[in-house]
Ligand code: AMP
């Protein structure tokens, strides 16, 4: 649990930590893209703790019993936040990585398509599932993740991300799924 303060306070502290620690990498992975690199956030004990606290606060406010992390950076955020609130973790993985029976969801990228998978039996009756990733950009990834949660029999509570790129229509694309973004980037 978050020791002190409200969810809004926790998000405010995390936003400050992100402003100070996110690294912009121009032209990665392709020309024209400014990649939001969270590795300095992860490497800073105080920034990492602050952003995990914020995700945990959001998850606790939702009453989440499971946090679904999207491969790969979502894993790094979902696991410590879930541990903090006594929730479980479900990995949403790229195609071909999960060993059991899976459900797959494909979505369009700028060039081509991608596929995410979840274990078909990942969500028991009554589980409350929050989805976590690092960045909400066009929303294709999060929309596919939400579809997987639903097709696996659960209702996603919402999506929490560190950064929302507000010059892209991600939030509209994932609607009606609610989005909690620690920091909006325009
Ligand atoms: P999208 O499906 O367009 O919302 O893209 C979201 C996924 O791609 C997330 O898993 C992010 O990790 C990654 N991503 C997209 N754009 C960026 C960016 N500018 N910087 C860092 N990661 C990004």
Residue 104-residue 33 pseudo-label distance in nm [points 7 Å out on the Cα-to-Cβ vector]: 2.2
For each of 36, 94, count neighbouring Cβ atoms within 10 Å of the residue's Cβ, then give the residues from fewest to most. 94, 36
Between the range 146-178 and the range 46-88, what's the alpha-carbon centroid distance in Å? 16
Average silhouette area of the range 1-103, convex hull of alpha-carbon atoms, in square nanometres: 8.0
Relative contact order of the range 5-185 (C-alpha contacts under 8 Å, at least 6 apart) in percent is 18
Express the C-alpha Rg of the range 5-185 as a ratio against the empirical globular expectation 2.2 N^0.38 Å, rounded to two decimals. 0.97
Pairwise over distinct Cα atoms, reciprocal of the mean inverse distance: report the Kirkwood radius of the range 99-186 in Å, one decimal place. 13.4
Springs between alpha-carbon atoms under 10 Å, Gaussian network over the chain: tell me which of 123, 167, 28 tops the mean-square fluctuations. 28
Just the number, please: Stokes-Einstein D of the range 110-150 in µm²/s, Kirkwood Rh from C-alpha pairs, 37 °C, 0.692 mPa s. 278
As a test of the formula, what do you get for the chain when each DSSP H run with n ≥ 4 contributes -39,500 (n - 2.57) and the sum is divided by the residue count, at 222 nm and rounded to the nearest 500 deg cm²/dmol? -11000 deg cm²/dmol
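FYI, it's all coordinate maths here, none of it is from the lab. Nothing here was measured: the structure is a model prediction, and the numbers come from that model. Every residue, glycine as well, gets a Cβ built from its backbone with ideal geometry; the counts of neighbours run over all protein chains shown.
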